[in-house]
Amino acid sequence: NAGVTQTPEFQVLKTGQSMTLQCAQDMNHEYMSWYRQDPGMGLRLIHYSVGAGITDQGEVPNGYNVSRSTTEDFPLRLLSAAPSQTSVYFCASSYNRFANNEQFFGPGTRLTVL
Amino acid sequence: AQSVAQPEDQVNVAEGNPLTVKCTYSVSGNPYLFWYVQYPNRGLQFLLKYITGDNLVKGSYGFEAEFNKSQTSFHLKKPSALVSDSALYFCAVRDRSTGGFKTIFGAGTRLFVKA
């Protein structure tokens with residue numbers, strides 16, 4: 001199993017550009033989520049999904065869209081990049097929607113917005 | 001609202017000495033509690049979790065954590081630190097009474113183990 005994979009590893013955008021961060025998992029996990037990691041702030045939840053076709057907002061959803069058309073894939077779309085979105089983005093998955101399950105994290109995408 | 005506090009930005013310990021990384025939490029209901037570790041330029045890795053039952057939870061790499069409901073704490077411990085334990089540690093909570101779909105992470109504590 002590859003686990004949770006993310007592409008690209010690094011990305012530089014100009015303000016106003018849009019892009020999609022890709023996330024895939026091959027563990028047939030029901031629950032998937034996106035976080036951003038900023039220094040001194042830990043990880044903050046952007047969006048999550050409890051199954052194909054079902055998504056919901058986390059703590060910091062503004063400026064981001066998600067979709068979940070398949071169990072395996074959970075892309076994160078930046079609509080119009082802003083310097084405040086410079087961060088490290090992590091995708092994670094867990095076996096099912098129940099809260100007692102630990103999450104498996106991808107390696108991250110390091111995004112810089114100029 | 002849920003919250004997690006890790007009061008120490010950094011913990012320094014000598015190799016072979018015991019280590020403690022502190023975590024306190026606030027939830028409206030009953031918590032599920034987790035510890036994760038992050039090595040440089042890597043994603044987070046699961047260490048251990050408290051769901052129910054025994055307050056002392058054992059996890060990967062010799063780590064353990066003690067759940068204390070009255071003090072709302074979930075401190076991470078290891079009897080003898082290794083240089084390879086140096087990393088960034090995150091405490092996290094999910095509130096089972098609200099469905100637990102959202103995980104709240106602490107700000108992280110950097111552990112530095114000196115040889």
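The values are calculated or read from the model by the stated rules, or taken from the named source; none is laboratory data. As the structure is a prediction and not an experimental result, all values here were calculated from the model. As a convention, Cβ positions derive from the backbone with ideal geometry for all residues, glycine included, and neighbour counts pool all protein chains shown. SASA here: full protein model, heavy atoms, side chains in, ligands and nucleic acids out. Shrake-Rupley method; radii C 1.70, N 1.55, O 1.52, S 1.80 Å.
Points to keep in mind about this one:
- Filtering A:LEU43, A:LEU13 for residues that are more than 14 Å from chain B (Cβ to nearest Cβ), buried (at least 18 other Cβ atoms within 10 Å of the Cβ) and either under 11 Å from the mean Cα position of the chain (by Cα) or of a type in the set (A, V, I, L, M, F, W, C) (or both) leaves a single hit, A:LEU13.
- Within region A:51-75, being open to solvent by less than 50 Å² (accessible area, probe 1.4 Å), in contact with a Ser or Thr (Cβ under 7 Å, 6 or more places away or on another chain) and not in a loop (DSSP other than H, G, I, E, B) holds for one residue alone: A:VAL66.
- Looking across region B:27-52 at every residue that is aliphatic (A, V, I, L, M) and at the interface with chain A (Cβ under 7 Å from one of its Cβ atoms), the one that is surrounded by the fewest Cβ atoms within 10 Å (Cβ to Cβ) is identified as B:ILE51.
- Residue within region A:67-78 that is more than 12 Å from the chain's Cα centre (by Cα) and among the aliphatic types (A, V, I, L, M) present: no
- One residue from A:GLY63, A:GLY42, A:GLY58 being within 24 Å of B:ALA107 (Cβ to Cβ), touching a helix residue (DSSP H, G or I) at 6+ places or on another chain (Cβ under 8 Å) and not aromatic (Phe, Trp, Tyr): A:GLY63
- Taken over region A:4-48, the residue count meeting the criterion of being at pLDDT below 95 and among the small types (Gly, Ala, Ser) is 2.
- Residue in region B:1-26 that is farthest from the other protein chains (Cβ to nearest Cβ), counting only those that are surrounded by fewer than 19 Cβ atoms within 10 Å (Cβ to Cβ) and of a type in the set (Ser, Thr, Tyr): B:THR20
- When region B:3-31 is filtered for residues that are among the hydroxyl-bearing types (Ser, Thr, Tyr), within 12 Å of the chain's Cα centre (by Cα) and within 16 Å of B:THR72 (Cβ to Cβ), the ones remaining, listed by number, are B:THR24, B:TYR25.
- Among residues of region A:16-38, those that are open to solvent by 60 Å² or more (accessible area, probe 1.4 Å) and polar (S, T, N, Q), counted: 3
- When residues of region B:91-115 are limited to those that are open to solvent by less than 10 Å² (accessible area, probe 1.4 Å), in a strand (DSSP E or B) and within 14 Å of chain A (Cβ to nearest Cβ), the one farthest from B:TYR39 (Cα to Cα): B:ASP95
- Residue match in region B:56-72 (condition: of a type outside the set (Asp, Glu), in contact (Cβ under 8 Å) with a residue 40 or more places away in the chain and not in a strand (DSSP E or B)): yes
- B:LEU88 being surrounded by fewer than 21 Cβ atoms within 10 Å (Cβ to Cβ), in a strand (DSSP E or B) and among the aliphatic types (A, V, I, L, M): yes
- Residues in region A:56-93 that are within 9 Å of another protein chain (Cβ to nearest Cβ) and more than 16 Å from A:GLN37 (Cα to Cα): A:ASP56 only.
- Residue match in region A:78-85 (condition: in a strand (DSSP E or B) and under 24 Å from B:VAL37 (Cβ atoms)): no
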